[in-house]
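See structure below.
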Protein chains: 2
Amino acid sequence: MKIAILGGTGRLGKGLSYRWAKNHEVIIGSREESKAIRTADSFNAELGKFSIKRPIDGMSHRQAIQRAEIIVLSLQFDHLVPLLKELGSLFDSKIVFSPVVPMIKKEIFQFAAPPEGSAALALRNLLPSSCRLIAGLHTVPAAGMKDLDKKLEGDVVVCGDDRESKILIQKLVEEIENLRALDAGPLEVSKMVEPITPLILNLKLFGSKKDLTIKFI
Amino acid sequence: MKIAILGGTGRLGKGLSYRWAKNHEVIIGSREESKAIRTADSFNAELGKFSIKRPIDGMSHRQAIQRAEIIVLSLQFDHLVPLLKELGSLFDSKIVFSPVVPMIKKEIFQFAAPPEGSAALALRNLLPSSCRLIAGLHTVPAAGMKDLDKKLEGDVVVCGDDRESKILIQKLVEEIENLRALDAGPLEVSKMVEPITPLILNLKLFGSKKDLTIKFI
């Protein structure tokens, strides 16, 4: 598959691109093309020791969206809204994967849901109707993802309205060793999934002290 | 401690009273006193083989609230609202433990949050300000709780604004073997905890087929 990771210069982007580059063509997208290229080059240099499908590419968001079949939105909700308003039409018929969780921190971490109830439901309104949006990967700690030697663990709750795309995304998630993808149903369920991320941050704030993820047993 | 379980004739009530009766004085509360007494009698008959603190009592909601130090709200949100409007003042200075999650089922399970954002935050407004409200136990499957031979497992996320009562409730939870209580901070966080229950039900609906609970790792 051709997978673009918008905002791929961040920690989650690194974790995903390193893991998916083994089997897929990965494109790092950034607002600045030069930054995307620089990041991709540094990823390729680090990945030299692993066998990967082909070198990771760096492109502007616009190019990355056009090139890819699957587009991961590794950007903050506030930054995504203007991006989708500008480039939304390019997402025609693409599969879009959203790990987006809008949050604010006051004394505690709060889930800052848009009026639609979740980031995924708001994004659906900004994307063309031909686009198949799947939400997931909200609770995998980005800090763990970026360290290739670190054993990841936990469950990734996935939801979306297109069955085929959801199965494909679940497979992609499970290519990352030790992650298990669980189908929670339609995109509507994202309202119940996204709040788990600020909850996990509050657990860290009030007791656990370490990065947590979730498992369903 | 003297613990009243309002709505204690249900499955969760059975699970909790069986487990807490070993160390505490447990009172089953019901709208109908006679039903509460009948249920308590049948629990005591079943518990005969275990060593318990003292026989479980059955009382009307009113009596149970007056008698107890800790009151567990094992009732549906819709039933609690009129109950608290009627008997709210009796909760003066009590510790109240809410596992309440308002839900509706259409094609999927939905979190039916009141305007306050969670059941716990709505209940806080209905209770006297001297009452110390702690939310938790939302995700322990009641079906597992009622079977004393079944090994329970999982994490119980607890939140509330009174530190001392929260510690006490965490201890009570951890008296139930294999359950771990995690402090998620103030009662406000209940907005992020309660939606996990309908999420778990959706996971069962769309794939897992078995009762799930959560664990933070």
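The values are calculated or read from the model by the stated rules, or taken from the named source; none is laboratory data. Quick caveat: nothing in here was measured; it's all calculated off a predicted structure. Neighbour counts are summed over all protein chains in view; Cβ atoms, including those assigned to glycine, are modelled from backbone coordinates with ideal geometry. These area figures cover heavy atoms from the full protein model, side chains too; ligands, DNA and RNA do not enter into them. Shrake-Rupley method; radii C 1.70, N 1.55, O 1.52, S 1.80 Å.
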Item checked: Accessible surface of the protein assembly as shown, 1.4 Å probe, proportion on carbon and sulfur as whole % -> 47 percent
Next item on the list: Set the Förster distance to 25 Å, then compute FRET efficiency between B:Asn125 and B:Glu69 from the Cβ-Cβ distance, nearest 0.05.
Entry: 0.65
Item checked: Between the range B:96-150 and the range B:29-60, the alpha-carbon center distance in angstrom -> 23 Å
Item checked: Sites A:Lys151 and A:Asp211, calculated FRET efficiency, Cβ-Cβ separation with R0 22 Å, nearest 0.05 -> 0.95
Check: If you count the DSSP beta bridges with both ends in the protein assembly as shown, what percent of them are antiparallel, to the nearest 5?
Finding: 20 percent
Next item on the list: Quick one: work out the % antiparallel among DSSP beta bridges in the range A:90-217, nearest 5.
Entry: 35 percent
Checklist line | Surface per residue (accessible, 1.4 Å probe) for the range A:102-171, Å² | finding: 47 Å²
Next item on the list: Can you bin the range A:84-217 into rounded, prolate or oblate? Criterion: square roots of the alpha carbon gyration tensor eigenvalues sorted a ≥ b ≥ c, rounded for a/c under 1.5, prolate for a/b above b/c, oblate for the rest.
Entry: oblate
Margin query: Need one word for the range B:153-214: rounded, prolate or oblate. Basis is the Cα gyration tensor (sqrt eigenvalues a ≥ b ≥ c); a/c below 1.5 gives rounded, then a/b vs b/c decides.
Written below: oblate
Check: Given a Förster distance of 60 angstrom, what is the FRET efficiency for A:His79 paired with B:Asn178, based on the Cβ-Cβ distance and rounded to 0.05?
Finding: 0.90
Margin query: Using a 7 Å offset from the Cα along the Cα-to-Cβ direction at both B:Asp162 and B:Glu46, what is the distance between the two label points in nm, to one decimal?
Written below: 3.1 nm
Note to self: Counting only other residues whose beta carbon sits under 13 Å from that of A:Gly117, what net charge do I get with K and R as +1, D and E as -1?
What the structure shows: 0
Next item on the list: Compute the distance in nm between two label points, each set 7 Å from the Cα along the Cα-to-Cβ direction, one at B:Arg11 and one at B:Asn23.
Entry: 2.6 nm
Check: On average, how many beta carbons from a partner chain sit within 10 Å of the beta carbon of a residue in B:197-206?
Finding: 6
Margin query: If you take the accessible area of A alone plus B alone and subtract the pair, what total do you get in square angstrom, rounded to 100, with a 1.4 Å probe?
Written below: 2600 Å²
Notebook entry, point to check: In nanometres, what is the gap between the two model label sites at B:Arg31 and A:Ala112, each 7 Å from Cα along Cα-to-Cβ?
Noted result: 4.4 nm
Checklist line | Per-peptide average of other Cβ atoms within 10 Å, ordering A:76-87, A:124-135, B:64-75, B:128-139 highest first | finding: B:64-75, B:128-139, A:124-135, A:76-87
Next item on the list: Output ³J(HN,Hα) for the range B:146-161: one whole-Hz value per residue in order, computed from phi by the Karplus curve 6.51 cos²θ - 1.76 cosθ + 1.60 with θ = phi - 60°, and x for Gly and Pro.
Entry: 6, 9, 5, 8, 7, 6, 7, 8, x, 9, 10, 7, 10, 9, x, 8
Checklist line | Cβ-based net charge around A:Leu187, under 13 Å, with every Lys or Arg adding one and every Asp or Glu removing one | finding: -2
